Amino acid sequence: MAISSKFRRAATATALSALVGGGALLTAGAATAAPAGPYPWCAPGDLNVSVTEGHAPNDGRLFAITFEAKPGVSCDVEGEPSTLTFFNGDEAVEGISTVIPEPGSEQRYTIDEQHPGVAYLATPAESADPKPVSSITFDLPQRGGISVAWPSSEIDGPVRIGNIGPQVS
C-alpha cells in the first residue's frame, strides 16, 4: 500500500519538530529497528553515506544524511554526526553555526543492509547572507571522519542536526 502524501508530510513534520526541539528523533510509519546487537561501532569503511534535500513541512529546509551499511555489515551508532565543517571547493566555509540535540537524547541504533540510519538537518529557508557549499565533513559519533558531497549550492545557519536513527517515511 502506498503511503499518502498527507501522511508523509505529517511524518516529516513530526521528525522536523523533534529535530528543531532538540529531543530524540521521533519515528513514524513502517520504520523498524534492526535486531538488537550490540554490534561494533560503525566506522567510515562500513558505510555508504549520502546527503539529500527533502521537503520541509515549514518555511525551512530539510536535509537527510543517510548511512547505508555495505554488504554483510551490521554496526551500531549512538548520537549525532559531530564536528560538521562545510566546504566550497577546497575552502572551509566560515560562519555556519550548528545546534546539536539535547544531551541524553541519543539512542543506540543498529545499521545493517535492511536498516539504514539517517540524521536529519534543518536550516533556515533564506537569509541575507547565504554561504556557497559543495561538500561537508563530519565525524561519526563513536569513530572516524566522513566527507560527502552537499546537494545544494547555498545554505545558512544555524544548522540543527538530529541524532542518527531510523529513516522517517
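Remarks
- Taking amide H atoms as placed 1.01 Å from N in the peptide plane, the amide H of Trp150 lies under 5 Å from those of Ser135, Ile136, each 5 or more residues away in sequence or on another chain.
- Phi angles across the stretch 42-51 convert, under the Karplus curve 6.51 cos²θ - 1.76 cosθ + 1.60 with θ = phi - 60°, into 3J(HN,Hα) values of 5, 10, x, x, 7, 10, 9, 10, 9, 10 Hz, Gly and Pro given as x.
- Database remark: amide H of Thr98 closer than 5 angstrom to the amide H of Val159 (H placed geometrically; neighbours at sequence offset of 5 or more, or on other chains; Pro and chain starts carry no H).
- Shape analysis of the stretch 97-169 yields a ratio of the Cα radius of gyration to the Kirkwood radius, Rg/Rh, of 0.98.
- A cut-off under 12 angstrom between Cβ atoms defines the neighbours of Lys70, and their net charge, with Lys, Arg +1 and Asp, Glu -1, is -4.
- Electrostatic tally near Asp129: other residues with Cβ closer than 14 Å to its Cβ, Lys and Arg +1, Asp and Glu -1, net -3.
- A simple count of charges around Thr98, restricted to other residues whose Cβ falls under 15 Å of its Cβ and scoring Lys, Arg +1 and Asp, Glu -1, yields -2.
- For the stretch 67-137, the relative contact order works out to 51 percent when only alpha carbon pairs closer than 8 Å and six or more residues apart are counted.
- Mean-position separation - Cα centroids, the stretch 59-80 and the stretch 148-162, in angstrom: 15 Å
Each value in this text was obtained by applying a stated rule to the coordinates, not by laboratory testing. Just so it is clear, the model here is predicted, and its values are computed rather than measured. Glycine also receives a Cβ, built like all others from the backbone with ideal geometry; neighbour counts cover every protein chain displayed.
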